[in-house]
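The values are calculated or read from the model by the stated rules, or taken from the named source; none is laboratory data. Everything numeric in this text was worked out from a predicted model, so none of it was measured. Positions of Cβ are generated from backbone atoms using ideal geometry, with glycine treated the same way; all protein chains shown enter the neighbour counts.
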Amino acid sequence: MDAHRPIHELTAAFRRGETTPSAVTEAFLARIEKLDSKLGAYITVTRDHARAAAAAADARYRDGRPRSPLDGAPLAIKDVLCTRGITTTCGSRILEKFVPPYDATIVTRLAQAGAIMLGKANMDEFAMGSSTEHSAFYPTRNPWDLARVPGGSSGGPAAAVAGGLAAGGYGTDTGGSIRQPAAFCGLVGLKPTYGRISRYGLVAFASSLDHIGPFGLDVTDTALLLGVAAGHDPLDATSIDAPVPDYTADLARGVRGLRLGVPDEYFIEGMDPEIEAAVRAAIETLQSLGGTVERVSLPATPHALATYYVIGPAEASSNLARYDGVKYGLRVPGRDLIDMESRTRAAGFGAEVKRRIMLGTYVLSAGYYDAYYGQAQKVRTLVRRDFDAAFARVDLIVAPTTPNVAFRHGEKADPVQMYLNDVFTIPADMSGVPAVSVPCGFTKAGLPIGLQLIGKTLDEATVLRAAYAYEQATDWHRRRPDLQ
Amino acid sequence: MISRQDVEHVARLARLALTADELERMREQLNAILVHIDALKAVDTSGVEPTSHAVPLVNVFRDDEPRGCLSADEMLQNAPDRAGAFVRVPRIIED
Amino acid sequence: MSYDVVIGLEVHAQLTTRTKMFCGCPATFGAPPNTQTCPICQGMPGTLPVINRRAVEYGVRTALAFSCRINPACRFARKHYYYPDMPKNFQISQYEEPLAEDGWLEVDVPTGGTRRIGIQRLHLEEDVGKLVHEGTLESAQASLVDYNRAGVPLMETVSRPEIRSPEEAAAYLRAFRAVLIYLGVNDGNMEEGSLRCDANVSLKPAGARELGTKVEIKNLNSFRNVQRALEFEVKRQAEALDRGERIVQETRLWDADHGYTRSMRSKEFAHDYRYFPEPDLVPLKLDAAFVERIAGELPELPRARRGRFTAEFGLPAYDAGILTQSRALADYYETAVRAFPQPKVVSNWVMSELLRVLPGDDERAIAETRLTPARLAGLLRLIEDGTISGKIAKTVFEKMVETGDEASAIVRREGLTQVADAGALEALVDAAIAGNQRAVEDFRGGKTAAAKAIVGHVMKASGGKANPAMVSRLVEQKLTKS
Ligand SMILES: [Mg+2]
Ligand SMILES: [Zn+2]
């Protein structure tokens, strides 16, 4: 079996009866068995669950009645999404044994669509990180170079799809945690509009910034994965009640006449020259396909990172207060309640999580709110306004996804250095606008580079259409890592 | 600059039992991060409204209709300690 | 030295919605432990709150009744502190932008007349669960948590510090509770904790402008306790000030069993709630149409109804006050008066008989009683047409309460019809006159009251069934004639 066959090809083969969901699922399970000890992409492999779901999908294809374009598609689900009866760890010791009595809305939707969950994929603890080195269990490795990180925090699903250990996957993006690993692993990764995919059952890191989104081997798969997951959910008060279009319908319309804005602030000093060259070349390609290119300015961009490191930790310190050893999760015994709680949290959380809880608690504490949280929310308004102003002139913003390619494990031990990784992805999270990363080249060392396309609120269709046009004009997405 | 006492105070608020070494390392790291964050204070935001939600929705309600509950056993299945149908916690000493 | 007392009350009222504030669990009291929870009110990872529309409507309804300004935009905020009965370790509450502000409540003051007590703010939040200590809080080695109550909608209403005495505080709470019960937003049950009260008390030298240091008192769970605790606290503070001591700003707990307030263990550091806007909920922008719709559904409130009862039915203020203590009782009275249009007679019966068997503020008991207003009216008609005497009517009333039957059926079944046959009565009267010569002589000697003794004998001899008016008439006739 070709372990890197896009979902739309697999399902076409299912329909033609050339193979079955069970056969493909078994092949993936076998690859996981063989390769995941090297990759560390999964925390929990849900074999029995996958086999049962695959058998049911087999029957539907036999009857000629698949439920959706994802019916029978074997997927990796980031372990931040709650699965009823299946351990959901969030990459943390504190939830190591937590078995939710409920499914995340996206998990319910995927089950209804007939998709097959192969397992719960690895991640930085509580989605805090850009390398998946901060999983409490083991780091995930980049299929293109096992010495390097796959990016993060959704490094698990990204490495699984890039490594041929799943046909597609879902991750979450709070500061870039889908797009950055997609760029590092040579995949398409989409962060949709805030509210487009329900967050119910997504273990919260920073509620106002958390987004769920798909990883695909190509743009078509990404559009299909988005279509099944998107839609209004009464269980999420921030979910948008707007119709979900067929995201594949307009993919082939091309970029002719689209106005593409190139922001000055996304080509910064110190960025990898190979990335700059690849992205500039990609912009030329889009231009040659009929897009018109103009410079735009997003002047608040330099402040976005600092803003993120106030809002993200503040909300995280609040969201993670519930892990106290009382109701669920780890409990470390103590002399009294406070002692028990403090020991439990000290033992259950890793260093990065503790750092952000401390930072978030500090910026919200008495006397600091206005200077930090209040001010960050105002700067967030400025970041939003930048996009509003730019989108009054252009249809899409084209930029690099990251300032550097996949780095070596342990290379960015300094937290601030690690945080700088997200400078180009954070603004779209803060504004809630959709953004995709598509492969746009490789460094001489053979590491993937990502091109970021940012669109207007709820205009995922245009984002995907431009990404598809670029993909069709290039063949970066056809390259596969050599993973033995 | 965040002081050692600040760090201890914040750790108490956040219910984190940190060792002396951890407190010291935390102080250094928080200060390194705060140097970057403090740059925000220089941004002119006079007259700018705060954004707390990326998408401006209002008035999202649910109807006052009952949905199913968990049974006490389902609810307690993840509890580290229980006594009958209750969650049990160690004795409470106010801080 | 003489001091001015300054009191502010903070009341937490559970709303009588069917479900909790942010999830679909029932909000009812008294279920077995931990059977009314779900992943949302348990604060399980990944779950999200969604606002119960009815809770907001109830909040607006109450705010309108207190003449508050409904904020055109309000939002929820997270209030952080660790306590094991609060699953998320933050409470979803409202902070800078509450649902409503600046209202008032008119209160009967102990010295007579009424006063308006200002209401500073009204907001919505979620309740916490319940802790059971194995032993006392101090000696317990463990505590047990029941999360059934966690997430029940609470409405917090903060008065301005305008209450001037412990009695006035109790009066405020009574009036407050009556309004809530009228509005149908709270069941008024302080014993079950559906209405809970905290107070802020300070003293200042009489006439002084500057407020004294305030002390917060918690655990005031009945009218009596509010008054007793505040009386204790006022005395404690006055004595301390007289001794030249300073009042410490602190929280004190009312110990109802021992009748004193005691300082809660002083905090190692002050609370730091770290409020910030709840990111999982979007703001409320209640437009005029929403507010107007609720205003249109607002019932007549206790005070207005009381005024109408005195004006329309000519009732004494005292009667009107008692009859309007709950909406159900006032409705009962009005229905009964419609069926038997003698307002004062109905009022007497309701106040002396009905309220003897039913608590006047128990909406449900009154609304569901088998002794319906129509049946009470039926009983009163039997008195009016002379079928039974007022005394027998009380017996019939008892039996109506017991059996739920119509008055006429009971009277028929038990043969309680009063004797109004002139011939039969005459015989009884003659016998009474014959057997009470002493009274007869007294009467003739000018003591007209002596006739009453003879009437009494006749009534007794008839087993209470004689028509008293007829008996009086006959006795008088016979005594003056012969
Ligand atoms: Mg409160
Ligand atoms: Zn619930």
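Inclusion of residue B:55 among residues that are facing chain A (nearest Cβ under 7 Å), surrounded by 14 or more Cβ atoms within 10 Å (Cβ to Cβ) and closer than 30 Å to residue C:264 by Cβ is not warranted. Kindly list, by first and then second residue, each pair from a residue in region C:152-180 that is touching a residue at least 12 places away in the same chain (Cβ under 8 Å) and within 16 Å of ligand 1 (Cβ to nearest atom) to a residue that is basic (Lys, Arg) and in a loop (DSSP other than H, G, I, E, B), limited to pairs with Cβ atoms under 9 Å and residues at least 6 apart or on different chains. Matching pairs, first to second residue: C:152/C:20; C:153/C:20. If you go through region C:1-38 and keep only what is away from chain B (no Cβ under 14 Å), among the aliphatic types (A, V, I, L, M) and away from ligand 1 (no atom under 16 Å from the Cβ), you end up with C:1, C:5, C:6, C:7. Residue check: residue A:368 meets all listed conditions (1) on the phi < 0 side of the Ramachandran plot; (2) within 27 Å of the chain's Cα centre (by Cα); (3) within 11 Å of chain B (Cβ to nearest Cβ); (4) of a type outside the set (D, E, K, R) but one, namely (2). If you go through region C:130-146 and pick out every residue that is farther than 29 Å from residue C:179 by Cα and in contact (Cβ under 8 Å) with a residue 12 or more places away in the chain, you end up with 6. In region C:72-83, of all residues being surrounded by fewer than 21 Cβ atoms within 10 Å (Cβ to Cβ) and closer than 30 Å to residue C:302 by Cα, the one that is farthest from ligand 1 (Cβ to nearest atom) corresponds to C:72.
Annotation note: of C:99, C:131, C:180, C:173, the sole residue that is at the interface with another protein chain (Cβ under 9 Å from one of its Cβ atoms) and more than 16 Å from ligand 2 (Cβ to nearest atom) is C:131.
To keep it simple, each residue is scored yes or no on (1) away from chain A (no Cβ under 14 Å); (2) within 26 Å of residue C:113 (Cα to Cα); (3) modelled with pLDDT of 95 or more; (4) not in a helix (DSSP H, G or I).
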| residue | (1), (2), (3), (4) |
| --- | --- |
| C:270 | no, no, no, yes |
| C:282 | no, no, yes, yes |
| C:305 | yes, yes, no, no |
| C:321 | yes, yes, no, no |
| C:334 | yes, yes, yes, no |
| C:346 | yes, no, yes, no |
| C:356 | yes, no, no, no |
| C:360 | yes, yes, no, yes |
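Applying the criterion of being surrounded by 16 or more Cβ atoms within 10 Å (Cβ to Cβ) and not hydrophobic (A, V, I, L, M, F, W, C) to the residues of region C:457-471, the residue that is modelled with the highest pLDDT is C:457. Answer yes or no as to whether residue B:30 is touching a residue at least 24 places away in the same chain (Cβ under 8 Å) and surrounded by 20 or more Cβ atoms within 10 Å (Cβ to Cβ). When the stated conditions are applied, residue B:30 passes them.
Exactly one residue out of A:15, A:65 is farther than 30 Å from residue B:70 by Cα, surrounded by fewer than 17 Cβ atoms within 10 Å (Cβ to Cβ) and touching a Pro at 6+ places or on another chain (Cβ under 8 Å), and it is A:15. In summary, residue C:335 fulfils each of the numbered conditions (1) touching a Pro at 6+ places or on another chain (Cβ under 7 Å); (2) buried (at least 20 other Cβ atoms within 10 Å of the Cβ); (3) more than 30 Å from residue A:194 (Cα to Cα) with the single exception of condition (2). If you check B:85, B:11 for being at the interface with another protein chain (Cβ under 7 Å from one of its Cβ atoms), within 24 Å of residue C:152 (Cβ to Cβ) and touching a residue at least 12 places away in the same chain (Cβ under 8 Å), only one passes: B:85. Looking across region C:121-144, the residues that are away from ligand 1 (no atom under 13 Å from the Cβ) and either within 24 Å of the chain's Cα centre (by Cα) or assigned to a loop (DSSP other than H, G, I, E, B) (or both) come down to C:129, C:134, C:135, C:136, C:137, C:138, C:139, C:140, C:141. Scanning region A:104-129 for residues that are at the interface with another protein chain (Cβ under 10 Å from one of its Cβ atoms) and either outside any helix (DSSP H, G or I) or free of Cβ contacts under 8 Å to residues at least 40 places away in the same chain (or both) yields a total of 1.
Would you pick out the residues in region C:181-201 that are away from ligand 1 (no atom under 16 Å from the Cβ), of a type outside the set (Phe, Trp, Tyr) and over 28 Å from residue C:213 (Cβ atoms)? Break it down stepwise before answering.
Taking region C:181-201 and keeping what is away from ligand 1 (no atom under 16 Å from the Cβ), we get C:181-185, C:187-192, C:201.
Narrowing further to those that are of a type outside the set (Phe, Trp, Tyr): C:181, C:183-185, C:187-192, C:201.
Correct list: C:181, C:183, C:184, C:185, C:187, C:188, C:189, C:190, C:191, C:192.
Residues are listed down the side, and each one gets a yes or a no for (1) out of contact with any helix residue (DSSP H, G or I) (no Cβ under 7 Å at 6 or more places or on another chain); (2) more than 11 Å from chain B (Cβ to nearest Cβ); (3) in a strand (DSSP E or B); (4) over 16 Å from residue C:22 (Cα atoms):
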position	(1), (2), (3), (4)
C:40	yes, no, no, no
C:43	no, yes, no, no
C:47	yes, yes, no, no
C:55	yes, no, no, no
C:62	no, yes, no, yes
C:82	no, no, no, yes
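The selection criterion, being closer than 22 Å to residue A:4 by Cβ, touching a helix residue (DSSP H, G or I) at 6+ places or on another chain (Cβ under 8 Å) and either crowded, with 18+ Cβ neighbours inside 10 Å or without any contact (Cβ under 8 Å) to a residue 24 or more places away in the chain (or both), does not hold for residue A:81. The set of residues in region C:51-89 being free of Cβ contacts under 8 Å to residues at least 60 places away in the same chain and within 16 Å of ligand 2 (Cβ to nearest atom) consists of C:54, C:88.
Step by step: first the residues of region C:84-107, then only those that are within 16 Å of ligand 1 (Cβ to nearest atom) and assigned to a strand (DSSP E or B), then the one that is surrounded by the most Cβ atoms within 10 Å (Cβ to Cβ). Which residue is that? Let's see the steps before the verdict.
Applying the first criterion (within 16 Å of ligand 1 (Cβ to nearest atom)) to region C:84-107 yields C:85-86, C:88-101.
After this cut, where a residue has to be assigned to a strand (DSSP E or B) as well, the list is C:90-93, C:100-101.
Details: C:90: 25, C:91: 20, C:92: 20, C:93: 19, C:100: 27, C:101: 18.
Step by step, filter region C:84-107, then rank; the result is C:100.
When you go through A:138, A:102 one by one, which is the residue that is among the hydroxyl-bearing types (Ser, Thr, Tyr) and surrounded by fewer than 21 Cβ atoms within 10 Å (Cβ to Cβ)?
Working: A:102 fails: surrounded by fewer than 21 Cβ atoms within 10 Å (Cβ to Cβ).
The match here is A:138.
State whether the residues of region C:108-119 include one that is surrounded by 21 or more Cβ atoms within 10 Å (Cβ to Cβ) and away from ligand 2 (no atom under 15 Å from the Cβ). Give the steps one after another, and end with the answer.
Going through region C:108-119, the residues surrounded by 21 or more Cβ atoms within 10 Å (Cβ to Cβ) turn out to be C:117, C:119.
When the remaining residues are screened for being away from ligand 2 (no atom under 15 Å from the Cβ), the result is C:117, C:119.
Yes, region C:108-119 contains a residue that is surrounded by 21 or more Cβ atoms within 10 Å (Cβ to Cβ) and away from ligand 2 (no atom under 15 Å from the Cβ).
Tell me, yes or no, whether region C:145-158 has at least one residue that is more than 18 Å from residue C:17 (Cβ to Cβ), away from ligand 2 (no atom under 16 Å from the Cβ) and within 14 Å of chain B (Cβ to nearest Cβ). No, every residue in region C:145-158 fails to be more than 18 Å from residue C:17 (Cβ to Cβ), away from ligand 2 (no atom under 16 Å from the Cβ) and within 14 Å of chain B (Cβ to nearest Cβ). Each residue in region C:126-143 was checked for being modelled with pLDDT of 95 or more and surrounded by 22 or more Cβ atoms within 10 Å (Cβ to Cβ), and 3 of them qualify. Checked against (1) surrounded by fewer than 24 Cβ atoms within 10 Å (Cβ to Cβ); (2) assigned to a helix (DSSP H, G or I), residue A:480 meets all criteria but (2).
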